[in-house]
Amino acid sequence: MPDDSFSATRRGLIRASGLSAMGLAIGTTGASASGAPGYPAPSDMDVGQVRNGQVVFPNWRSEAEPRTPPPPAPRPPGERVGYAIVALGRLSLEEILPAFAECKSAYPAALVTGSPQKGSVVARQYGIPETAVLGYADFETLRDLPAVKAVYVVLPNGMHREYTLRAAAIGKHVLCEKPMANTAAEAREMVEACAKAGVRLMVAYRCQYEPYNRAAIALVRSGELGKLRFIEATNVQANGPGPQWRYSKALAGGGALPDIGLYCLNATRYITGEEPVEITARRYSPPGDERWKEVEESMSFGLRFPSGVMANCLSSYGAFNDKTLRLHFEGGTVEMPDAFSYVGQRMIVSRKSGDVVGQEERKIQHRNQFALEIDHFSERVLADETPHTPGEEGLRDMQLMETVYRAAAENRPQVPEPVQAATRGPEPREE
């Protein structure tokens with residue numbers, strides 16, 4: 001049967017054109033229409049069908065062409081998960097709030113900010129009621145906003161623990177930016193608090209939902225290029241002057257490692273599907289630069305995995321922007337420029353083709369990573385299921401980063417604490 005919104009649109013078209021209901025029939029097994037008076041009737045290929053409450057179309061292109069994706073099938077507004085965005089810094093305003101326009105299962109329902117003026121402006125931009133703009137001291141008022149089912153914590157790292165615990169205490173699910181916290185002990189407390197409160201906790205590892213990174217995981221699992229042997233993961237950028245929260249140990253927990261090196265660390269784990277058994281590291285900060293009094297400028301680290309895969313990771317606040325992932329297999333190499341960026345991902349596969357080494361670029365439809373992770377968490381909240389990157393995934397990375405720091409401080413290899421249980425939930429589905 002057609003859904004109500006489609007039926008309403010159909011009735012409007014019928015009234016506007018003067019057609020009878022008999023002239024436009026759409027069902028679950030096909031669709032046909034007499035079209036506008038004086039014109040040929042559209043074909044089933046052009047009209048499509050309604051199946052399970054959504055519109056689908058037959059493939060209209062040659063089999064030589066890639067198929068177009070199906071039309072978006074968003075949940076009706078009343079069925080979506082409302083989020084309170086906690087903090088209105090650059091990430092919230094430049095990436096997260098705009099991403100809600102591409103979400104199918106979520107919408108921004110409230111804002112928490114220390115700037116009433118900024119909160120008022122942003123609320124008007126996104127249609128959020130002024131009554132749903134709160135200060136940090138009023139955070140618990142979210143309990144009284146039934147539209148808010150979850151909070152997205154976008155505060156500096158050192159504040160993640162407090163606001164996750166406060167959200168759990170008022171019964172709100174938590175999507176928390178990475179890194180999860182400043183320490184593994186804080187991360188464990190967050191996991192335990194959410195479990196005790198019966199709310200879901202997910203860490204916003206956007207790359208684990210991004211299509212090119214998902215394709216890289218699938219390529220490794222398929223064995224198409226043989227056994228994976230080495231990983232090179234680079235995430236460097238040239239940061240500007242202070243003061244900024246990234247240079248504060250209390251707010252950031254560390255420097256380049258937890259902020260951007262974490263992408264490299266997490267990638268080695270989700271690409272291999274394994275946990276490292278040995279870690280080495282070197283840390284460096286230019287002397288005399290006040291920015292590095294509390295946190296490191298650069299950290300390079302190496303990981304060895306049970307299968308024999310070895311990974312070299314570079315993270316720095318002092319080198320020109322590069323966010324590349326390289327995978328070296330027995331039978332080829334995969335290079336992914338901008339693997340950890342918000343946009344611009346690519347995948348270039350090099351391998352033997354006949355008597356020469358050839359390269360092919362695999363093109364995948366780009367999708368908004370923030371929208372994908374938000375929708376994933378929303379669907380898991382609605383289904384009361386464990387998300388793909390729950391708090392345990394963030395806790396594991398916190399434990400490993402502490403091992404990286406220890407390896408750098410002692411200048412010798414370290415053996416990480418063994419994993420006691422799985423850190424990831426079920427694989428992401430097409431939301």
Simple spin-label estimate for F320/S353, 7 Å along Cα→Cβ, in nm, reads 2.9
Sequence-separation-based contact order of the chain, relative, with Cα cut under 8 Å and 6+ spacing, percent: 14
Between the alpha-carbon centers of segment 80-105 and segment 106-167, tell me the distance in whole angstrom. 11
Could you work out how far apart the two model spin labels at A422 and Q244 are, taking each label as a point 7 Å from the Cα in the direction of the beta carbon, and quote it in nm? 3.9
Over the Cα atoms of the chain, what radius of gyration and what Dmax do you get, in Å? 24.6, 83
Using 0.36 nm times the number of residues separating E361 and E330, minus their current alpha carbon distance, what extension gain do you get? 9.3 nm
Cα to Cα, under 19 Å, and not fewer than 8 places away if on the same chain: which lysines meet these conditions relative to K104? K149
Of G48, P387, M180, which is farthest towards the positive pole of the chain's charge dipole, taken about the Cα centre with +1 and -1 on the beta-carbons of Lys, Arg and Asp, Glu respectively? G48
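Per residue, how much accessible surface does the chain expose to a 1.4 Å probe? Answer in Å², no decimals.
With all protein chains present, the chain gives 48 Å² per residue.
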Point-to-point label distance, Q54-A73, nm (Cα→Cβ direction, 7 Å offset): 0.4
Helix 4-17 sits at what angle to the longest principal axis of the chain, using alpha carbons and giving 0 to 90 degrees rounded to 10? 40
Cα centroid separation - segment 267-307 against segment 376-431, whole Å: 16
Here the net charge surrounding G171, from other residues whose Cβ is less than 14 Å away from its Cβ (Lys, Arg +1; Asp, Glu -1), is +3
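Suppose we keep just the DSSP beta bridges with both residues in the chain; what percent of those would be antiparallel, to 5?
Beta bridges within the chain, antiparallel portion: roughly 60 percent.
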Compute the long axis of helix 369-383 from its Cα atoms, compare it with the longest principal axis of the Cα atoms of the chain, and write down the angle in degrees, 0 to 90, nearest 10. 70
For segment 257-314, what is the charge dipole size about the Cα centre, in debye to the nearest 20, if Lys and Arg each add +1 at the Cβ and Asp and Glu each add -1 at the Cβ? 160
Can you give the extra length, in nm with one decimal, that the chain gains between R90 and V343 once fully stretched, where that is 0.36 nm per residue apart less the Cα-Cα distance? 89.5 nm
Give the residue list of trypsin sites (Lys or Arg not before Pro) in segment 243-316 that are DSSP loop and have at most 16 other beta-carbon atoms within 10 angstrom. K293
Length gained, S120-D289, 0.36 nm per residue minus C-alpha separation, equals 57.0 nm
Helix 262-272 versus the longest principal axis of the chain: what is the Cα-based angle in degrees, 0 to 90, to the nearest 10? 70
With only Lys, Arg, Asp and Glu charged, each at its Cβ (+1 for the first two, -1 for the last two), find how big the charge dipole of segment 368-417 is about the Cα centre; round to the nearest 20 debye. 340
Among Y205, P243, L225, flag the residue with its Cα farthest along the positive direction of the charge dipole of segment 189-318, charges on Cβ as +1 for Lys/Arg and -1 for Asp/Glu. L225
Please work out the Kirkwood hydrodynamic radius for segment 326-431, using every pair of different C-alpha atoms, and report it in angstroms with one decimal place. 17.5
Any idea what the dipole of the chain comes to, in debye rounded to 20, about its Cα centre with Lys/Arg Cβ at +1 and Asp/Glu Cβ at -1? 300
Over the chain, what percent of the accessible surface lies on carbon and sulfur atoms, probe 1.4 Å? 53
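The values are calculated or read from the model by the stated rules, or taken from the named source; none is laboratory data. Bear in mind that the values here come from a model prediction, so they are computed numbers and not experimental data. For neighbour counting, all protein chains shown are included, and Cβ atoms are generated from backbone atoms with ideal geometry for every residue, glycine included. For the accessible areas, the whole protein counts, side chains as well, though only heavy atoms, and no ligand, DNA or RNA atoms are used. Shrake-Rupley method; radii C 1.70, N 1.55, O 1.52, S 1.80 Å.
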